[in-house]
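The values are calculated or read from the model by the stated rules, or taken from the named source; none is laboratory data. What you are looking at is a predicted structure, and each value in this text was computed from that prediction instead of being measured. Cβ placement follows ideal geometry from the backbone for every residue including glycine, while neighbour counts extend to all protein chains displayed. Side chains included, ligands, DNA and RNA excluded: accessible areas come from the protein's heavy atoms. Shrake-Rupley method; radii C 1.70, N 1.55, O 1.52, S 1.80 Å.
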Amino acid sequence: MSSRGRWVRAAAVTALFALLIGRFLAVTTANRLWSASIGLSSPHAEIANLRFALLFTAFTLSLLWCIGHLYFIYRAVGSIHVPRRLGNLEILEELPRSYLAVGLVTLGVILAAVLSRDAGSWWYARTLSLASGAPDITEPVLGRELSYYLFRLPWQRTVHSFVTVACGTMLAVTLGLYTLMGAMRWSGRKLRVNDLARVHVAVLLAAFALALFWGYRLEPAEYVAGIPSVPYDSVLTDIRLPVARLLSSLALVVLGASLLWVWTSRIAPIVASWSLLAGVSLVGHFIVPGFAGTVRQPTELQVESLAEAQRQFVRTAFGPISWDTLLVSASIPQTGDLTQKSDRLMGAPVWDSFALQTTLKRATDQSSSFRYADPQLDAYPGPDGSLVPVFVATREMSLDMTRFGDIELSWQDVHAGRYTHASGVVAIHAAAIGGLGTPEFVPDLMHPDSTIGELKELDLTDPELIFAPGIGEFAVVPASDEAKGIVARGFWQRLALAWVLQSPRLAISSVASTTSVVWERDVAKRLSRAAPFAEFSKPRPVISHGRVFWVSNGYVKSELFPFSIRVDWHGEQVRYLRAGMIGVVDARSGETAVYLAPDADLLSVTWARLAPDIVRSPDRLPKFVLQHLQYPEELFAIQVELLREIDFGGDQRGALTARVSRKVEPFWWFGRGLADPLPRQRLSAAVEWGEPPILAGLVEGSMVDGKAVLGIVRFDSRSGIPGPSQLVQQFARVRSVENSIAGPIKIALVDDEVLLVQSSYSSPSDDAVVRLTDVILAWGAVVERGGTLEAAVERVGQAQLRSRGIAGTQWTEARMWFERMDRARRDGDWEAFGKAYEALKAILDGGQKQFR
């Protein structure tokens, strides 16, 4: 290569390294500036330093490990000859040892980089391993505490995986290089191994056997923790755990046999011991457990103590059940009862979010880049202190819609102009209906009962939503603005921001010197970055003191937890999930705070103790946030699904698990509960079983004094209460408008009776504003409708027998008792069959007397 070519190559390599190092320094600087803008520079710096230390340590150890073994190979191999052809003549040319040294060093650096590439992410497990958990619940198989599985086992698995992969990789590379270089070769039927190569391979085999021994020692705890996922039954205790202990003993035997190869050239002990370990591992891990699980009866597989432990530990992993009630309803409610209990329905919402969203969409300019987000149900206190259910919808900005409208957007428009953020909030009374069936708007949340018929945004002190869900672009605001931005001082800081945000204009001093850069404006991402050990859900708006605040639930998770059930969450497999943190972001200033929930779980409390500068005490939680906390929706959905697999109640009153046949979407409701007489916001989900679908249970989540309360109402199978899926067609027949759009069927408990409610709306193609046409109620055997909830309740109370023949209500009641009678016959429950028969006979006899 010419001198000029060498200079070009050196310049290219230098430029490449400069780009890599420059990118690293730019990202580090930008992250440091962002952390300082939200007041978390110190704890974030500690996390960054830990990440770097782990990455540096892992790379250094990997480099020493790889280079050390490759150097031994270099010393063991005398010379390497490369075949070359000159015409028809083949000659062997000796490869210079300097070339061999450079190649092996390069290979060692590459292997070290690959082995340590994920070491920066180990900070989570390493930090938890330093936590000292107080004595807590112990699992019944190994007698270990929960803190071991949450804090120490993840780090042990991380280090073990690194060591095992490093040993296995180096063993494979070493065998390949020795074979390639001729230090290990077959001569006839005998393996010929260079003495130095034999010693080297023997040491690597011993190291790999030691890593396997460590893994087999961890295997029992991994079984209990759910990795790998195996049933908690007698196969676990009788076969899998003893096999793991046997394999750990065999690994020590293999370790001794491998070291024996250092002093003797006989390869038979090596082959025999490793073959034995591989065979026992294959048979013990797959064949024997599979065969035992097949031949054993279900009663032989089930271990009652393990089943009870699973019920207990699942409640710990995904949230406890606060109350569990069984309702036995042997008779249909009297129609007049609902009228007498109508006060229990005060403030019950009649509107659905999708209908209000359509109304808001039609009330705004369709070509505008600003629209209203989905309204979210909340409750605000009136002047007398009573809570009023209100839907709150904030404006949001859509740059995609703007670009779709062929509007050319400049840098100034997107980052410093009118398209940087939206502004405005609207509130809608959830229970009020206008004269034409239109929604009623609340102009002032200090008086949520005072409504008007036209759309009017709330009069806020700061209606600007500079920070909001879904905002991906950064914004540039005046340096004097209260928004928490990054003020770049100096050329390097401006260059770092321009590099990271891919905006060269930020490097211009005239732009950056007089402004601050508002970065990470998406609320959930902002909170997750502020507290990187938690993941925050979609935020909801809370209005207080004339400002908009975003409140979000912060989730902590773990893939290891004893006797739990593996669930899918955000593309991950987790066995522990709790919403133990609360994130709050000021929509105007971007001030960000993370608080520990008042009823935080063990993992959340541990993180609050490890990072006190990031997670604040629940005592500092603002009162207005505490008043507007809502039950975590994502956790609730998982809890409801778990009812399909395990009896959360832990009693003998009849689990919902075996009979669940279909999933019903959760819904928000405002009103009284069975175990809580105060009206409050509740997240509920019906559980159905059978065909036709019968209501088997109701799961309800609410917040009481800032603490999450989850309850289950179970309905006796003989009650025969129709589920929402069964009533869809019946509700459709009683609507006053044929082409109306129906909302979801919701369930409310009025004392210990079940009321099903559905709202229907005029077709979106009929009117510019969606109108509520009917509120349909199902109360026992009575299904009635009205223009308002009060009117529907009144019609239910006025339902009576017709003067001639058997009324339609009676036919509904008779059909219900017939279905109960038929189901009792199939189940062999002759007592229930007799009761249903007598009730059906009384109804039919009463109708015949009226006819005569």
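If you wrap the tightest convex hull around every Cα atom of segment 195-304 and split its volume per residue, you get 84 Å³.
Projecting the Cα atoms of 782, 279, 142 onto the dipole axis of the chain, where Lys and Arg carry +1 and Asp and Glu carry -1 at the beta carbon, places 279 farthest toward the positive end. Summarising the amide proton neighbourhood of residue 40: residues at separation of 5 or more, or on other chains, whose placed amide H is nearer than 5 Å comprise an empty set. Accessible surface comparison of 364, 461, probe 1.4 Å, protein chains only, largest first: the order is 461, 364. 3J(HN,Hα) along segment 278-291: 5, x, 5, 5, 5, 5, x, 8, 10, 6, 5, x, x, 5 Hz, from the Karplus curve 6.51 cos²θ - 1.76 cosθ + 1.60 with θ = phi - 60°, whole Hz, x for Gly and Pro. Remark: the chain carries a charge dipole of roughly 3600 debye about the Cα centre, counting +1 on each Lys and Arg Cβ and -1 on each Asp and Glu Cβ. The amide H of residue 324, built 1.01 Å from its N in the peptide plane, has 712 as neighbours under 5 Å, considering only residues 5 or more places off or on other chains. Note on residue 343: accessible area approximately 70 square angstrom, rounded to 10, probe 1.4 Å, nucleic acids and ligands left out. Ignoring ligands, DNA and RNA, what percent of the 1.4 Å accessible area of the chain is carbon and sulfur? Accessible surface attributable to carbon and sulfur in the chain totals 56 percent. With each label modelled as a point 7 angstrom along the Cα→C-beta vector, the residue 262-residue 312 pair spans 4.8 nm. Measuring only protein heavy atoms, the 1.4 Å probe finds residue 616 accessible over about 70 Å². If you take all other residues with their beta carbon under 13 Å from the beta carbon of residue 775, and give Lys and Arg +1 and Asp and Glu -1, the sum is 0. The gain in end-to-end length when the residue 732 to residue 71 segment is fully stretched comes to 229.9 nm, 0.36 nm per residue minus the alpha carbon separation. With an 8 Å Cα cut-off and a minimum separation of 6 or more residues, compute the relative contact order for the chain in percent. Answer for the chain is 11 percent. In segment 492-642, Cα pairs under 8 Å separated by at least six residues give a relative contact order of 16 percent. Taking label points 7 Å from Cα along the Cα-to-Cβ direction, residue 253 and residue 502 give a separation of 5.9 nm. In the assembled protein chains, residue 111 presents an accessible area of approximately 30 Å² (probe radius 1.4 Å). Using R0 = 45 Å, the C-beta based FRET efficiency linking residue 446 and residue 42 works out to 0.70. Note down the nm distance, to one decimal, between modelled labels 7 Å out along Cα→Cβ at residue 455 and at residue 296. Label at residue 455, label at residue 296, 6.3 nm between them.
Projecting the Cα atoms of 322, 643, 305 onto the charge dipole of the chain (Cβ charges, centred on the Cα centre) puts 305 farthest toward the positive pole. In a reduced charge model with +1 at each Lys and Arg Cβ and -1 at each Asp and Glu Cβ, segment 541-639 shows a dipole moment near 200 debye about its Cα centre.
The listed residues 323, 186, once ranked by accessible area (1.4 Å probe) with the largest placed first, stand as 186, 323. Taking each residue as 0.36 nm, the span from residue 245 to residue 114 lengthens on full extension beyond its C-alpha to C-alpha distance by 44.0 nm. With the helix formula -39500 (n - 2.57) applied to DSSP H stretches of n ≥ 4, the chain reaches a computed 222 nm mean residue ellipticity of -13500 deg cm²/dmol. Can you classify segment 454-578 as rounded, prolate or oblate using the Cα gyration tensor, where a ≥ b ≥ c are the square roots of its eigenvalues, rounded means a/c under 1.5, and otherwise it's prolate if a/b beats b/c and oblate if not? Oblate, since a/c reaches 1.5 and b/c is not below a/b.
Applying the Karplus relation 6.51 cos²θ - 1.76 cosθ + 1.60 with θ = phi - 60° to segment 30-40 yields 3J(HN,Hα) values of 4, 5, 5, 5, 5, 4, 5, 5, 10, x, 10 Hz, where x marks Gly and Pro.
For segment 413-509, the list of GluC sites (Glu not before Pro) that fall in a loop by DSSP and count at most 11 other C-beta atoms within 10 angstrom reads 454. In this structure, the amide hydrogen of residue 471, modeled 1.01 Å from its nitrogen in the peptide plane, lies closer than 5 angstrom to those of 522, 523, counting only residues at least 5 positions away or on a different chain. Working note: Karplus 6.51/-1.76/1.60 with θ = phi - 60° gives segment 679-692 the couplings x, 7, 7, 9, 9, 10, 8, 7, 10, 10, 8, x, 9, x Hz, where Gly and Pro are set to x. Among 257-264, 496-503, sorting by the average number of other beta carbon atoms lying within 10 angstrom of each residue, highest first, gives 496-503, 257-264.
Just want the answer: with Cβ charges of +1 for Lys and Arg and -1 for Asp and Glu, which residue in 183, 172, 376 is farthest toward the dipole's positive end in the chain? About the Cα centre, the residue reaching furthest to the positive side is 183. Largest to smallest in accessible area, the residues 239, 267 fall in the order 267, 239 (1.4 Å probe, all protein chains included). If each Cα of segment 380-528 is one equal point scatterer, what is log10 of I(q)/I(0) from the Debye formula at q = 0.20, 0.21 Å⁻¹? Reported log10 I(q)/I(0), two decimals: -1.18, -1.24.
With only Cα atoms counted, the chain has Rg and Dmax values of 34.6, 121 Å. For segment 666-770, a crude dipole built from +1 on the beta carbon of Lys and Arg and -1 on the beta carbon of Asp and Glu, taken about the Cα centre, is about 140 debye to the nearest 20.
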